[in-house]
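Report on the structure given below.
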Amino acid sequence: MSERARFGSKLGGVLVAAGGAVGLGNIWRFPTEVGSNGGAAFILIYLACVLFVGLPVMLSEFIIGRHTRKNAIGAFRQLAPNRLWTLVGTQGIVVAFLILCYYIVVSGWTAFYTVSSAAGLLTGERDFSAFFANFVASGWMPVAASLLCMAAVHVVVVRGVKEGIERASKIMMPALLLIIGLLIVGSFSMSGFREGVEFLLKPDFSKVTVDVALGALGQSFYSLSLAMGGLCTYASYFSRDTNLVKTGFSVASVDTSVAVLAGFVIFPAVFTVGVNPGMGPSLVFITLPSVFNMAFTQMAWVGYVFSGMFYVLLFLAALTSAISLHEPVTAYLSEETGLSRRTAARLVSMGAGLISIACALSLGPWKDFLIAGMTLFDLFDFVTAKIILPLGGIFIAVFAGWVMDRRIAWDELTNQGKHYTLLFRIWRFLVRWVSPTAIIAVFVHELLG
Ligand code: PFF
């Protein structure tokens, strides 16, 4: 068998894992949740969720991946005392594939908006609600856009871990961070900067209910891309002397910072123009284009550049996350079935590409075709984000805390006792008691709610 791939550098590993985590969830979902759920009070709760629930699960995935140096299914098979636990790996691979099928559709939207913005279609007085509706309803445009994104992801993944994924992340992640920085500088000049930042940060503890706290936990889980085989697969490419705890903290810090900074870009513009900050896709694809235009009426070209950069930012965030969904499935197929990496990647791209066509059409020409009252797109989102991901999180925590040999976790987290012996004990306590309990609470709450 050929030598297993490795990242060329530690920074490369951090950038790749952070690229998987930083995605559309950071840029549209987090800021709106913060703004409407108590500002800084929500951020504090979110930080606690990341530290005490998300990070322990992330470290568990790192331990499992790096120790076995295998794809998610192979890793669980090696460590599990019986076959049933291998299913945790299987569900990670399945969920990554399913998320890829609809995530790539939204990535396609960001690509379309990037091109539209460059072509000057997002400037001036325009009905952006109709613009978005026409685009989605056209059917062929979103399909073409998602297939193009799938092709881009394929080209990166097929080149391999070091030459493809690490190289691309080393360009895309710094570019993403630079763009966020430039956009924030632009936001300073807006008249609504103060008000926007106040809306985002003013702590209002009266808004923090059990619902809000559980929402924060769900968001932290989604944002860190836990329980879908990606982090576990990426960790299998870390070198033996990579410090897992440090890497985990770095990834979580980059992910959380991008989420908070995105709020500094979005809300000043929203308040400058004085619109109601809506939620999800409508905020990003309908409200923001007109907001960016109007925020810079005196200097139209600044608005043009600002909105162009914003959509490039979204596009980069989406693409790196899509890569992190593709890789675990490709690694599994090529390692477990003996297919070459090229063929495995092709199968994943073609399979997910085909299903993504149906997802894209389900919002346009096929929107009347409903399953359990949902379009195919919404069904994929619901089943993966609300059901399979939390279940996976619970099982990973229980596996790492209760089932797996304690010695393995010790060796991996402390690099054979070199550091963090106290942190190891804290991790073990959190992963045994706190993470599973908290995730079960979110799961039950989301199902009942
Ligand atoms: N973490 C990504 C985001 O915040 O947008 C979303 C995501 C990607 C979730 C991949 C889950 C996943 F498997």
√(5λ) per eigenvalue of the Cα gyration tensor, the chain, largest first, Å: 34, 25, 21
Inter-part distance where the range 1-57 and the range 194-260 are each reduced to a Cα centre, Å: 4
The range 53-104: C-alpha gyration tensor shape, a/c 1.5 cut-off, then a/b vs b/c: oblate
Separation of alpha-carbon centers, the range 70-88 and the range 94-170, rounded to whole Å: 33
For peptides 37-43, 53-59, sequence by mean Cβ density within 10 Å, most packed first: 53-59, 37-43
Global geometry of the range 168-245, whether rounded, prolate or oblate, following the gyration tensor of its Cα atoms and the 1.5 cut on a/c: oblate
Listed peptides 119-131, 157-169 by packing density, highest first (mean Cβ within 10 Å): 157-169, 119-131
Residues Val105, Val431, Val398, Val275, sorted so that the one with the fewest Cβ neighbours within 10 Å comes first: Val275, Val398, Val431, Val105
Ordering of 310-319, 170-179 by burial proxy (mean other Cβ atoms within 10 Å per residue, highest first): 310-319, 170-179
Ranked list, fewest to most other Cβ atoms within 10 Å of each Cβ, for Val143, Val302, Val329: Val302, Val143, Val329
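Only the coordinates and a few stated rules stand behind these numbers; no lab work does. Note that the structure is predicted; figures quoted are calculated from it, not measured. Cβ atoms come from the backbone with ideal geometry, glycine included; neighbour counts cover every protein chain shown.
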